[in-house]
Amino acid sequence: MFVGSTQAAQLMGISARRICQLLSEGRIKGAFKSGRFWMIPLFEGMPLVSKGTRGPQASWRRRKPSPVTIIHVNQHTIRQNQKQEKSAPVISVKRGKENRYGHEVEIAGPCRVVYQPDKPKPCGARVWIETLFPVAVYTQ
């Protein structure tokens, strides 16, 4: 998963200017520029920064990683909606212990689609979308 320089600064607990300095020195591994924006890869939820040659040892504040938002479509609800007049929400958005349902979802950032037929989620989902960014859920 990739993040921008502002999101990387928030994850590491440092300023966006310091991230720009690290990027210009080439110390953030795997970072590349796409147009005017930096794309910074995450390794276990954090950007990898190589050691500097001078100064004190870096001690990045490791924040508790934000829970991944998981979005999936409930097939059982779709089948039930075909039998009834009123349609129940079929999209499930799970973040931590919170679970929201809706008819429409808008993801404000990068995401990935995961298919694991051998390891379904506890709810039975085999295909889902994962993201670390905010998700807006709309109901009818």
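Looking only at region 1-27, filter to residues that are of a type in the set (A, V, I, L, M, F, W, C) and part of a loop (DSSP other than H, G, I, E, B); which one of those is farthest from the chain's Cα centre (by Cα)? That would be I14.
Any residue at all in region 8-20 that is hydroxyl-bearing (S, T, Y), modelled with pLDDT under 90 and surrounded by fewer than 16 Cβ atoms within 10 Å (Cβ to Cβ)? No; the residues of region 8-20 include none that is hydroxyl-bearing (S, T, Y), modelled with pLDDT under 90 and surrounded by fewer than 16 Cβ atoms within 10 Å (Cβ to Cβ).
Do you know which residues across region 78-134 are aromatic (F, W, Y) and either part of a loop (DSSP other than H, G, I, E, B) or surrounded by 13 or more Cβ atoms within 10 Å (Cβ to Cβ) (or both)? Write out each step before concluding.
As a first pass, look at region 78-134 and keep what is aromatic (F, W, Y): 101, 115, 128, 133.
The answer is Y101, W128, F133.
The residue of region 10-32 that is nearest to G52 (Cα to Cα), among those that are without any contact (Cβ under 8 Å) to a residue 12 or more places away in the chain and basic (K, R), is R18. Filtering region 28-52 to residues that are crowded, with 16+ Cβ neighbours inside 10 Å, within 17 Å of the chain's Cα centre (by Cα) and outside any strand (DSSP E or B) leaves L42, P47.
The values are calculated or read from the model by the stated rules, or taken from the named source; none is laboratory data. Bear in mind the structure is a predicted one, so any value in this text is a computation, not a measurement. Every residue, glycine as well, gets a Cβ built from its backbone with ideal geometry; the counts of neighbours run over all protein chains shown.
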